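Since the structure comes first, as structure tokens, the remarks are kept for the end.
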Amino acid sequence: MPVLRSGLPLLMALALAASGCERLELSEPSEAATDEDAEPTETPAERPTEEASDAPRRVDSRPPPMAQPVPLWERGATERNVDAATAAQHGRLVLDLGESWTPYLFTEADGPDGERIEHAYRGTYLALARGEFPDDHHGARAERDKYLELFGIMPTLGLIRERFRRVRDLACREELDLSALEGFDGFVAYRNNRHARRRARHFGYLESQVEEWLEAQEAERVEELDEERLDDRARRSLREYRDLRPEVEAIRAAQDRLECEGYFEGKGDYTRGALDWATHEALAEFERRHRVYGWGFVGRETLVRLRQSPMELEREAVVRVLTERAMHALGVLEDGSAPSRGDGPPTFVGRDGAEHEVPNLEARLREHVVEALGLTTPEATLDFLEGLGELTPDSERLVAIQAPELPEYYSDDMDIRVEIDRGDVWYEFPYDEEGRERSQPVQRRPRVTVYVDYEDQRIPLARFGTTIGGWRSEEIGGQLWWKYKNSPTGPRVWHQIVSAPVWMPPASTPSRDLVRRVPGRSGAEAYRVNHHETGPSYASAYGLVAAYHRLYSRNEDGSIDLRGDEGIRTHGSVDYMSIMRRHSHGCHRLHNHIAVRLMSWMLAHRRHTRVGHEPAGFHRTIEHEGHTYQLDIERGGYVFDLERPVPVRVLEGRIRGNRATPIQHAMPRYDQDRGAYVLPDGGPVRVTRHGGMTRYELDAGVDGGMDAGLSIVNPFE
């Protein structure tokens, strides 16, 4: 139990305060008297009687009893309690280390009528955060994905502690040699198993040759070989061996590590020294556990993580999770990503007339968390976790740490606005006459930038990678077509933020996107309705949270009237590698944990009403491979209505190519069997990059067919 400086347990100290002499009079509040850390400076006197009313009065300067005492952590230890109710007034941050913590988006509260506004997804979120697999489709998906932090579900400290213990107890980790990874700075991608095995066999042959040369020259190391004693063919083989060796040894070191930590479990045998499918899958699982956005290859951030010891990576997971909780608790967004007009970080002019930097509050919070809780080494971090004792599913474990100072532009109701730069935009049809993808390079990817208006300044706080629309599959008349899904430009507003959102698929959604394959089943049982696509689910089309874009008109008094809903959202996404790489159906995707952080921050600094789940009555019959499936949605996402909608402006971006507007009509898909683009009536057409289509007749005797002379602008008119 944390103790006061006097050594008395907290409860005993409070009891003495309550049972001692009553106060005669309180002095005017002062910093010492109101600080929950203040200690008694005088011995309280007994209340004087009326007969002794002229006697000098003594002031009881003891601090009042704490409304919510919590331990204050400093330099890895706690020696006293502070009051959580007044912690913020004294520059402290209250962190919840308990197993029942969720971001604000998944909390519950009482409504104006006193009834609890329950959140249907909260229980699922918490179960997944604890590493449990509910007996439903949520659990089935999570059991496959295994590590969910990359998908926006932050693991609890109890789960991380169990992982930490297992890593600590691995006998093999002390024998790992990661030096080959330290010296490797290349990149190895998975191609296919045949290529991987052939490459491994070839290197094995070179390796055996080198061993023979070493024995013949009585050398111990490859570097000691005398090339002059080798013939031309041997010298070429030796050079090839030296070129391949760093890559092969790096893969072997990575495989040793993956094997030690159990990532190959259930993936079959792997080819030693080659990036085969089993190694690729093991690397992908390693990336998910350590929140690396990668492809399951050896290189870039994955290589950085592979170089770190298993214990250090577990320490990093603890720091990462606690920093994320701290950002939610303090209600900050700044992570060092905000753009500046020149070199250096962005700045703003304060009320003092001086220029101040927009701080990287994520980095500062990380430093405060590490220093206060003593998370400086893996061993100290595990000791901290062990000191938490039993962590039950419904536990709340509050502690206080010193908080970084908030910039002066912060308030409870901030003038927030969002700008979405669409980056480089191509409107041209992306496939050529033979169905091959045209080159449409993008140097400037789309970005979401969050600003606050303060003292006649627009201050950038953070910038995140996102997506815009592009050419996507659409089902029309039972046939799949290409259709350009635009991201409309101009002013919009976010009027609602919806956690655990639900997507109602339009009729144009291909049936294959609404069902999922069930392994080992056939016939009608071969597929199930894909509830992860519709949600609620971390893997839904809208991820864990969505902000709804709406058109609006402004009234003379400054108020706004909401107008049409174009179906555009800024939302989280489980398809984390699509962000900054591919197109959406027009929406602006964010990594799930970034979307949750952004929208929680928005609600912390924008007055809102907690509405709760809205009823829904959606039904669709799905026809797929000759069978029908029923999709029913009775409840929507959990809604927060913003009192003042947030202005959002979607910029035009930089239009590339020779077409300035989107192609409005659908375009046929290339039929590989017929070697042509085919219309619904079976007739082939030639296509142009500008959306033009010309009907022609296929003629086996004439290369490319014969023009029929009929130009088609829109086959659906």
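Points worth noting:
- Selection from segment 158-194 of residues that are part of a helix (DSSP H, G or I) and either open to solvent by 50 Å² or more (accessible area, probe 1.4 Å) or in contact with a Phe, Trp or Tyr (Cβ under 9 Å, 6 or more places away or on another chain) (or both): Glu162, Arg165, Arg166, Arg168, Ala171, Arg173, Glu174, Glu175, Ser179, Glu182, Asn193, Arg194
- Just one of the listed residues (Asp453, Asp421) is touching a residue at least 60 places away in the same chain (Cβ under 8 Å) and farther than 21 Å from Gln664 by Cα, and it is Asp421.
- Residue-level check: of (1) assigned to a helix (DSSP H, G or I); (2) open to solvent by less than 10 Å² (accessible area, probe 1.4 Å), Ile153 misses just (1).
- Test result for Arg589, open to solvent by 60 Å² or more (accessible area, probe 1.4 Å) and among the basic types (Lys, Arg): no
- Failed condition for Thr323, given (1) in contact (Cβ under 8 Å) with a residue 60 or more places away in the chain; (2) closer than 23 Å to Ala77 by Cβ: (1)
- Inter-residue pairs, beta-carbon under 9 Å, first in contact (Cβ under 8 Å) with a residue 24 or more places away in the chain and of a type in the set (Val, Ile, Thr) and in segment 122-147, second open to solvent by 50 Å² or more (accessible area, probe 1.4 Å) and not in a helix (DSSP H, G or I), 6+ apart: Thr124/Asp136
- Of the residues making up segment 592-621, those that are among the β-branched types (Val, Ile, Thr) and buried (at least 20 other Cβ atoms within 10 Å of the Cβ) are Ile594, Val596.
- Check on Phe429, in contact (Cβ under 8 Å) with a residue 60 or more places away in the chain, closer than 21 Å to Val332 by Cβ and more than 26 Å from the chain's Cα centre (by Cα): no
- Just one of (1) loosely packed, with under 14 Cβ neighbours inside 10 Å; (2) touching a residue at least 12 places away in the same chain (Cβ under 8 Å) fails for Glu115. It is (2).
- Across segment 474-497, the qualifying residues are those that are touching a helix residue (DSSP H, G or I) at 6+ places or on another chain (Cβ under 9 Å) and at pLDDT 90 or above, and the one among them that is nearest to Met693 (Cα to Cα) is Trp494.
- In segment 374-385 there is no residue matching the filter, namely being polar (S, T, N, Q) and within 23 Å of the chain's Cα centre (by Cα).
- Beta carbons closer than 6 Å, at least 6 apart along the sequence or on distinct chains, pair a first residue in segment 62-89 that is of a type in the set (Val, Ile, Thr) with a second that is open to solvent by less than 50 Å² (accessible area, probe 1.4 Å) and outside any strand (DSSP E or B) for Val70/Ala84; Thr78/Pro2; Val82/Glu36; Thr86/Glu36.
- Residue that is surrounded by the fewest Cβ atoms within 10 Å (Cβ to Cβ), among those in segment 330-341 that are of a type in the set (D, E, K, R) and at pLDDT 95 or above: Asp335
- A Cβ distance below 8 Å, combined with a sequence gap of six or more or placement on separate chains, defines the contacts here; from segment 655-674, residues that are on the phi > 0 side of the Ramachandran plot reach residues that are in a loop (DSSP other than H, G, I, E, B) in the pairs Gly657/Tyr427; Gly657/Glu428; Gly657/Gln440; Gly657/Arg689.
- Single match in Arg144, Arg163, Arg92 (criterion: within 25 Å of the chain's Cα centre (by Cα) and either hydrophobic (A, V, I, L, M, F, W, C) or within 25 Å of Leu398 (Cβ to Cβ) (or both)): Arg163
- Qualifying residue in segment 367-375 (condition: of a type in the set (Asp, Glu) and either part of a loop (DSSP other than H, G, I, E, B) or farther than 30 Å from Asn486 by Cβ (or both)): yes
- Exactly one residue out of Gly612, Gly617 is small (Gly, Ala, Ser), over 30 Å from Leu361 (Cα atoms) and free of Cβ contacts under 8 Å to residues at least 40 places away in the same chain: that is Gly617.
- Index of the failed condition, Leu303 passing every other in (1) farther than 30 Å from Trp101 by Cβ; (2) surrounded by fewer than 20 Cβ atoms within 10 Å (Cβ to Cβ); (3) touching a residue at least 40 places away in the same chain (Cβ under 8 Å): (2)
Each row is one residue, and each column tells you yes or no for (1) modelled with pLDDT of 95 or more; (2) open to solvent by 40 Å² or more (accessible area, probe 1.4 Å); (3) in contact with a Pro (Cβ under 7 Å, 6 or more places away or on another chain).
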{"residue": "Asp343", "(1), (2), (3)": "no, yes, no"}
{"residue": "Phe348", "(1), (2), (3)": "yes, no, no"}
{"residue": "Val358", "(1), (2), (3)": "yes, no, yes"}
{"residue": "Arg364", "(1), (2), (3)": "yes, yes, yes"}
{"residue": "Glu367", "(1), (2), (3)": "yes, yes, no"}
{"residue": "Glu371", "(1), (2), (3)": "yes, yes, no"}
{"residue": "Thr381", "(1), (2), (3)": "yes, no, no"}
{"residue": "Leu385", "(1), (2), (3)": "yes, no, no"}
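- Residues that are assigned to a helix (DSSP H, G or I) and charged (D, E, K, R) do not occur anywhere in segment 328-342.
- Test set (1) open to solvent by less than 50 Å² (accessible area, probe 1.4 Å); (2) farther than 30 Å from Thr156 by Cβ; (3) free of Cβ contacts under 8 Å to residues at least 60 places away in the same chain; (4) among the charged types (D, E, K, R) - Glu316 fails condition number: (2)
- Residue in segment 280-289 that is open to solvent by less than 60 Å² (accessible area, probe 1.4 Å), farther than 24 Å from Phe203 by Cα, basic (Lys, Arg) and touching a residue at least 60 places away in the same chain (Cβ under 8 Å) present: yes
- Evaluation of Ala38 against (1) open to solvent by 70 Å² or more (accessible area, probe 1.4 Å); (2) at pLDDT below 90 (one fails), failing number: (1)
- Restricting segment 491-510 to residues that are hydroxyl-bearing (Ser, Thr, Tyr) and buried (at least 19 other Cβ atoms within 10 Å of the Cβ) leaves a set whose member that is nearest to Phe640 (Cα to Cα) is Ser499.
- Meets criteria (open to solvent by less than 20 Å² (accessible area, probe 1.4 Å), touching a Leu at 6+ places or on another chain (Cβ under 8 Å) and closer than 19 Å to Ser584 by Cβ) for Gly535: no
- Output for segment 595-634, where each listed residue is part of a helix (DSSP H, G or I) and of a type outside the set (Lys, Arg): Ala595, Val596, Leu598, Met599, Ser600, Trp601, Met602, Leu603, Ala604
The values are calculated or read from the model by the stated rules, or taken from the named source; none is laboratory data. Bear in mind the structure is a predicted one, so any value in this text is a computation, not a measurement. Quick reminder, even Gly has a Cβ in these numbers, built from the backbone with ideal geometry, and neighbours come from all protein chains shown. Just so you know, the surface numbers come from the protein's heavy atoms only, side chains and all, with ligands and any DNA or RNA stripped out. Shrake-Rupley method; radii C 1.70, N 1.55, O 1.52, S 1.80 Å.
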